[in-house]
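Step one of this worksheet: look at the structure below.
The values are calculated or read from the model by the stated rules, or taken from the named source; none is laboratory data. From a predicted model like this one, the values you see are computed outputs, not experimental measurements. Every residue, glycine among them, receives a Cβ derived from its backbone with ideal geometry; neighbour counts consider all protein chains shown.
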Amino acid sequence: MAHAPSTGHQEQHGLTPRQYIMLGLALTLITIVELWVSYSGMARSVLITVLVVLSAVKFAAVVAFFMHLRFENSLMTKFFVGSFLLAVAILFALLGLFWGDLQPARIALEAVSGH
Amino acid sequence: MAQAVAHGGGHVTSTGTSNRKLMMWIFLGSECLFFGSLIATYLIFAGDVIHRGVGPFPHPVTINGEHHEGILDIPLTSTSTFVLLMSSVTMVFAVYGAQHARPKMMKLSTLATIVLGVVFLGFQAFEFATFYHEGLTLGTNLFGASFFVLTGFHGTHVAVGALYLASLLAASFRRNGLGHEAGEHMEIAGLYWHFVDIVWIVIFTIIYLIPSE
């Protein structure tokens, strides 16, 4: 059953210009924080965690608000988020498959360097 | 059974949303897989270079008591990251202008996005040339190979995006501009551009910010 067609005007959803500017400034601020964190000298595991979290926040903000996914049909969300999760799974699978290949080189290097 | 539903633009589709917009989202999903595999390859190979002690290295590293400086220029790339981020902001204004029948805003913002994208490419070209002169090429080591392939493909995507936007900008100067679906045309282009930006967000963090050791 077809619904009555729309008048042809463009779908308008999203933030106001002022909100887009505020979001842009927030993303810039997060980038500055990421830079500071990378030079801070904190422990590697903490550093990686903080940087990944900050990047994830930026990623989500751009996808949700700049790309309007938050205001879109759920079908778009399923396609994009599903593909993204699949890409992450493939990334971890590749790392898991090939990480072991690095171990002989690492062991040899540690043996030569003495630590 | 899916019902035919009208959406903005007047076309009736079975999904209730624009087929063209859906196509772009599906394409971007495939691009996630593409860049995900390139990033994984970089992570594996860059680490291997350090463990084998074969430079140049991405970040400062000490091997066998000998300190090696990293080749990556963080301040330079931070600047180019800021430029690309600002291009996303101008892109959003271009889409806003198209959707709210403000052609001047749309045209100026599109032009600004193109300019910022080209500036980003200029930074990339400068970085590539510097690395070449410092001895890092596609064939130097696995870090060089994976780095240039990953960032090269991203740069190519930026260049294609700039050409895409330039064609829309040129079309907007016709008598009827981009037509009554100008908002959708710009929105679809915006999706591609923002995706290129978020891929760079990931690349910048993984390659430049996270130290090797």
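With respect to B:ALA162, determine if the residue is within 14 Å of chain A (Cβ to nearest Cβ) and modelled with pLDDT of 95 or more.
No, not satisfied.
Restricting the search to segment A:67-81, which residues are at the interface with chain B (Cβ under 7 Å from one of its Cβ atoms) and within 14 Å of the chain's Cα centre (by Cα)?
Within segment A:67-81, A:MET67, A:PHE80 meet the criteria.
Looking at B:LEU169, is it within 10 Å of chain A (Cβ to nearest Cβ) and either closer than 16 Å to B:ILE114 by Cβ or at pLDDT 95 or above (or both)?
On the way: within 10 Å of chain A (Cβ to nearest Cβ): no; either closer than 16 Å to B:ILE114 by Cβ or at pLDDT 95 or above (or both): yes.
Here the answer is no, as B:LEU169 does not meet what is asked.
Filter segment B:97-118 for residues that are of a type outside the set (S, T, N, Q) and in contact with a Ser or Thr (Cβ under 8 Å, 6 or more places away or on another chain) and give the result. Even if it seems obvious, please write down each step before you answer.
First pass over segment B:97-118, keeping only residues of a type outside the set (S, T, N, Q): B:97-98, B:100-108, B:111-112, B:114-118.
Of everything in segment B:97-118, those that are of a type outside the set (S, T, N, Q) and in contact with a Ser or Thr (Cβ under 8 Å, 6 or more places away or on another chain) turn out to be B:GLY97, B:PRO103, B:MET106, B:LYS107, B:ALA112, B:LEU116, B:GLY117.
Report, by residue number, each residue of segment B:77-111 that is at the interface with chain A (Cβ under 10 Å from one of its Cβ atoms), under 14 Å from B:LEU178 (Cα atoms) and of a type in the set (S, T, N, Q).
Scanning segment B:77-111 gives a single hit, B:GLN99.
Kindly indicate which of B:GLY53, B:GLY65 is within 27 Å of A:LEU97 (Cα to Cα) and free of Cβ contacts under 8 Å to residues at least 12 places away in the same chain.
The match here is B:GLY53.
Just one of (1) in a helix (DSSP H, G or I); (2) more than 21 Å from B:HIS100 (Cα to Cα) trips up A:ILE21, so point out which.
It is condition (2) that A:ILE21 fails.
Taking segment B:46-59 only, how many residues are in a helix (DSSP H, G or I) and facing chain A (nearest Cβ under 9 Å)?
Here is the first cut: in segment B:46-59, the ones in a helix (DSSP H, G or I) are B:46-52.
Retained after the next criterion (residues that are facing chain A (nearest Cβ under 9 Å)): B:47-48, B:50-52.
Adding up the residues that qualify gives 5.
Which ones in segment B:60-76 are more than 15 Å from A:VAL33 (Cα to Cα) and at the interface with chain A (Cβ under 10 Å from one of its Cβ atoms)? Walk me through how you get there before you give the answer.
Just the residues of segment B:60-76 that are more than 15 Å from A:VAL33 (Cα to Cα), to begin with: B:60-73, B:76.
Within segment B:60-76, B:THR62, B:ILE63, B:ASN64, B:GLY65, B:GLU66 meet the criteria.
Restricting attention to segment B:146-162, which residues are more than 13 Å from the chain's Cα centre (by Cα) and either aromatic (Phe, Trp, Tyr) or over 30 Å from B:PHE45 (Cα atoms) (or both)?
B:PHE147, B:PHE148
Looking at (1) surrounded by 17 or more Cβ atoms within 10 Å (Cβ to Cβ); (2) at the interface with chain B (Cβ under 8 Å from one of its Cβ atoms), which is the one condition that is false for A:VAL88?
(1)
Please go through segment B:95-130 and pick out each residue that is touching a Phe, Trp or Tyr at 6+ places or on another chain (Cβ under 7 Å) and surrounded by 18 or more Cβ atoms within 10 Å (Cβ to Cβ).
Of everything in segment B:95-130, those that are touching a Phe, Trp or Tyr at 6+ places or on another chain (Cβ under 7 Å) and surrounded by 18 or more Cβ atoms within 10 Å (Cβ to Cβ) turn out to be B:SER109, B:THR113.
Taking the options B:GLY190, B:GLY161, B:GLY144, B:GLY135, name whichever one is small (Gly, Ala, Ser) and free of Cβ contacts under 8 Å to residues at least 60 places away in the same chain.
Testing whether each residue is small (Gly, Ala, Ser) and free of Cβ contacts under 8 Å to residues at least 60 places away in the same chain leaves just B:GLY161.
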